[in-house]
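K.L.:
This is the structure I want to talk about, given as structure tokens.
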Amino acid sequence: LLGDFFVPGSATLGALADIYGLQISPEHQDYTLAAEFAERLGRPPKRGDIVHIGPIALLAEKVDKGKVTTIGLQLAEPDQPPDGDWRGKLKYFLEKVRRFFD
């Protein structure tokens with residue numbers, strides 16, 4: 001997997017969609033990633049649980065009282081590098097994520 005960094009469980013699906021160009025239905029834009037874990041799993045999440053949203057794997061890194069508080073984002077490595085410098089594109093996306101959480 002390419003890239004491995006962490007975001008709070010309070011981050012929204014809409015924010016993730018904006019950063020990575022994902023298609024999220026309007027009614028889910030304000031869902032937190034923590035709420036998405038609980039809904040998709042159908043049970044309280046545990047550390048190490050994984051939920052996929054498009055090409056992104058969300059890993060429950062820290063869980064407190066049945067709620068994910070810290071989530072690891074793992075970007076799936078493409079089958080082949082995109083045209084141009086993929087490292088530059090990755091750096092661009094990571095910078096957008098950093099600015100979002102500052």
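Since every read-out is calculated from the coordinates, none of them should be taken as a lab result. Just so it is clear, the model here is predicted, and its values are computed rather than measured. Neighbour counts are summed over all protein chains in view; Cβ atoms, including those assigned to glycine, are modelled from backbone coordinates with ideal geometry.
K.L.:
Between THR70 and residues 5 or more places away or on another chain, which pairs have amide H atoms under 5 Å apart, with H built 1.01 Å from N, and which residues are they?
P.N.:
It is GLY9, GLU61, LYS62, by chain and number.
K.L.:
Pop out the ³J(HN,Hα) list for region 51-56 in order, Karplus 6.51 cos²θ - 1.76 cosθ + 1.60 with θ = phi - 60°, rounded to Hz; leave Gly and Pro as x.
P.N.:
Running phi through 6.51 cos²θ - 1.76 cosθ + 1.60 with θ = phi - 60° gives 10, 9, 10, x, x, 10 Hz.
K.L.:
Quick one: which residues, 5 or more positions from ILE53 or on another chain, have an amide H under 5 Å from its amide H? H modelled 1.01 Å from N in the peptide plane, none for Pro or chain starts.
P.N.:
Here the answer is LEU58, since their amide H atoms fall under 5 Å of that of ILE53.
K.L.:
Could I ask something else about it? Sort GLU27, GLU95, GLU36 so that the residue with the fewest other Cβ atoms within 10 Å of its own Cβ comes first and the one with the most comes last. Working shown, then result.
P.N.:
Values: GLU27 7, GLU95 10, GLU36 22.
Least crowded to most crowded, the residues run GLU27, GLU95, GLU36.
K.L.:
Does anything in region 7-47 have its amide N under 16 Å from the 7 Å Cα→Cβ label point of LYS62, and if so which residues?
P.N.:
Under cut-off, by backbone N: 7-11, 33-34, 46-47.
K.L.:
Next up: Using each residue's phi in region 14-22, evaluate 6.51 cos²θ - 1.76 cosθ + 1.60 at θ = phi - 60° and report the 3J(HN,Hα) Karplus result to the nearest Hz, with x for Gly and Pro.
P.N.:
Calculated HN-Hα couplings, in order: x, 5, 4, 4, 5, 5, 9, x, 7 Hz.
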